[in-house]
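Shown next, in structure tokens, is the structure this report addresses.
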Amino acid sequence: MDRIPVSGPWITAKEIAYVTDAVTNAWYGNANVWHERFEKAFAEYVGVKHAISLPHCTAAIHLSLLALKVGPGDEVIVPDCTWIASAAPVTYVGATTVFADIDPQTWCLDAKSFEACITTRTKAVIPVNLYGNMPDWDALRAVAARHNIAIIEDAAESIGSEYQGRRAGSFGVTGVFSFHGSKTLTTGEGGMLVTNDDAIRARALFLRDHGRPPGDRLFHNTEVAYKYKMSSMQAALGAAQLERVEELINRKREIFSWYAEELAGVAGLTLNHEAPGTKNTHWMVTAVLDKSLGLRKERLMELLAAEGIDCRPFFHPLSSLPAYAHSPEAGKARQRNTVSYRISPSAINLPSALNLTQAQVKCICACLKTTLSSAS
Ligand SMILES: Cc1ncc(COP(=O)(O)O)c(C=O)c1O
């Protein structure tokens, strides 16, 4: 029996044609044509002035922090439940990570918890559009504006999601995207930093090419910096996927609707929320189980894996990870972040690959329902 994968892309002849063109022609004087095409189309899609293609989203967060001059002595607030890449660059720049709680409905950064974590040292906040869900952006932006805190919007998982008609990635000083192979729009590995700020764009371009201005041919570096560039082949793949982005998003939403139909009325199970005025592009269909069912995510994954169904655990609170065991801030978060610690232990991401069929979803849901009923 073939296993049902948890995630994966949708590649067509268009992607193959564009990448073939890049590998054939994007050299010498044409070395940047695919980057320019992808970046221009991406900025237009998100509704911002600038887009900078990068090797991954982690680099986009790192460059955002550097361009905002975040460093030792500063604090940066992140939601406790997210992939560690949202937070790791805070450590790269020598700042302190502060872990705020998540909202019980959106699973994204909670505005009240965010505000309660602010100190005189807070320089930036990195809200995450978790699994494609949108946070309460009005509330988050109001808190950030009141305290003069820069927003880096982690839109890694949310291409095409919307809040009151605005697309994900356009809510902060910078927005960052991931094109990892698991994402809705993929370049294999890859990322994008978007911004309306000319100075941030210039600084990010300088820092991502070993501290030299774009176009420098004299190899005259004025700072020690980083090498964060995407290849033409990746940019061509991204350009093709972007031309198909509505198709990719519609498929994600369709997959979610199949699950929602099959799992409607299952007691103690909640799927991703779509608040009024928002569009959720459902990168990962996620099931949160009521604690009363007494089924931890690791056990549930094990039971589904035995049936050939691959799932992922809901992100563990970062403050619970060995990576932050010695962080005093993580210690405080473990006491404070009751929602993160309530939701995470009994929630999983269900298979959400773009090649998933409705028949497979029926089979996954039947299996999940049997597992839940034998657990209760
Ligand atoms: C929320 C979030 N932030 C950041 C990243 C980092 O993306 P990348 O792997 O492209 O560096 C990811 C990727 O999985 C993510 O899910």
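Working only within the range 177-198, note down all residues that are part of a strand (DSSP E or B), hydrophobic (A, V, I, L, M, F, W, C) and near the ligand (Cβ under 9 Å from one of its atoms). I'd like the intermediate steps shown before the answer.
Initial filter on the range 177-198 (part of a strand (DSSP E or B)): 177-178, 180, 188, 191-195.
The next check asks that each one be hydrophobic (A, V, I, L, M, F, W, C); those that pass are 177, 192-194.
The one that is part of a strand (DSSP E or B), hydrophobic (A, V, I, L, M, F, W, C) and near the ligand (Cβ under 9 Å from one of its atoms): Phe177.
When Thr106 is evaluated against the numbered criteria (1) under 24 Å from Arg336 (Cα atoms); (2) touching a strand residue (DSSP E or B) at 6+ places or on another chain (Cβ under 8 Å), which criterion, by number, is the only one it fails?
(2)
Quick check on this structure: which one of Val245, Val285 is out of contact with any Cys (no Cβ under 8 Å at 6 or more places or on another chain), over 13 Å from Ala347 (Cβ atoms) and in contact (Cβ under 8 Å) with a residue 40 or more places away in the chain? I'd like the intermediate steps shown before the answer.
On the way: Val285 fails: over 13 Å from Ala347 (Cβ atoms).
When all the criteria are applied, what remains is Val245.
From Ala260, Ala330, which residue is under 16 Å from Ile102 (Cβ atoms), out of contact with any Cys (no Cβ under 8 Å at 6 or more places or on another chain) and either in contact (Cβ under 8 Å) with a residue 12 or more places away in the chain or not in a loop (DSSP other than H, G, I, E, B) (or both)? Full working, then the answer.
Values: Ala260 fails: under 16 Å from Ile102 (Cβ atoms).
After ruling out the rest, the residue left standing is Ala330.
So which residues in the range 129-176 are surrounded by fewer than 18 Cβ atoms within 10 Å (Cβ to Cβ) and assigned to a strand (DSSP E or B), if there are any at all?
The answer is Glu162, Arg166.
Can you tell me which condition Thr120 does not meet? The list is (1) of a type in the set (Ser, Thr, Tyr); (2) at negative phi; (3) within 16 Å of the ligand (Cβ to nearest atom), and all the others hold.
Tallying (1) of a type in the set (Ser, Thr, Tyr); (2) at negative phi; (3) within 16 Å of the ligand (Cβ to nearest atom), Thr120 fails exactly one: (3).
Going by the conditions given, is Arg201 under 30 Å from Ile364 (Cα atoms), more than 14 Å from the ligand (Cβ to nearest atom) and assigned to a helix (DSSP H, G or I)?
Details: under 30 Å from Ile364 (Cα atoms): no; more than 14 Å from the ligand (Cβ to nearest atom): yes; assigned to a helix (DSSP H, G or I): yes.
Judged against the criteria, Arg201 is not a match.
Can you name every residue in the range 7-25 that is surrounded by fewer than 20 Cβ atoms within 10 Å (Cβ to Cβ) and either among the β-branched types (Val, Ile, Thr) or within 20 Å of Gly191 (Cα to Cα) (or both)?
Filtering the range 7-25 down to residues surrounded by fewer than 20 Cβ atoms within 10 Å (Cβ to Cβ) leaves 8, 10-14, 16-17, 20-21, 23-25.
Correct list: Gly8, Trp10, Ile11, Thr12, Ile16, Thr20, Val23, Thr24.
I need the full set of residues from the range 325-344 which are under 28 Å from Asp290 (Cβ atoms), in contact with a strand residue (DSSP E or B) (Cβ under 9 Å, 6 or more places away or on another chain) and of a type outside the set (S, T, N, Q), in order please.
Ala330, Lys332, Ala333, Arg334, Arg336, Val339, Tyr341, Ile343
What pairs come up if the first residue lies in the range 297-314 and is over 14 Å from Asn349 (Cα atoms), the second is exposed (fewer than 13 other Cβ atoms within 10 Å of the Cβ), and their beta carbons are under 7 Å apart, counting only those six or more places apart or on different chains?
Between residues of the range 297-314 that are over 14 Å from Asn349 (Cα atoms) and residues that are exposed (fewer than 13 other Cβ atoms within 10 Å of the Cβ), the close pairs are Gly308/Met1; Gly308/Arg3.
With the requirement that a residue be assigned to a helix (DSSP H, G or I), more than 27 Å from the chain's Cα centre (by Cα) and not aliphatic (A, V, I, L, M), what does the range 1-29 give you?
Within the range 1-29, Thr20, Asp21, Thr24, Asn25, Tyr28, Gly29 qualify.
Considering only residues that are under 20 Å from Arg166 (Cβ atoms) and outside any helix (DSSP H, G or I), look in the range 30-51 and name the one that is nearest to the ligand (Cβ to nearest atom).
By that ranking, first place goes to Ala51.
Given the criteria modelled with pLDDT of 95 or more, over 30 Å from Thr58 (Cα atoms) and among the polar types (S, T, N, Q), does Ser257 qualify? Step through it out loud before you land on a result.
Values: modelled with pLDDT of 95 or more: yes; over 30 Å from Thr58 (Cα atoms): yes; among the polar types (S, T, N, Q): yes.
Yes, satisfied.
The values are calculated or read from the model by the stated rules, or taken from the named source; none is laboratory data. Note that this is a predicted model, so its numbers are computed, not measured. Positions of Cβ are backbone-derived with ideal geometry, glycine not excepted, and every protein chain shown enters the neighbour counts.
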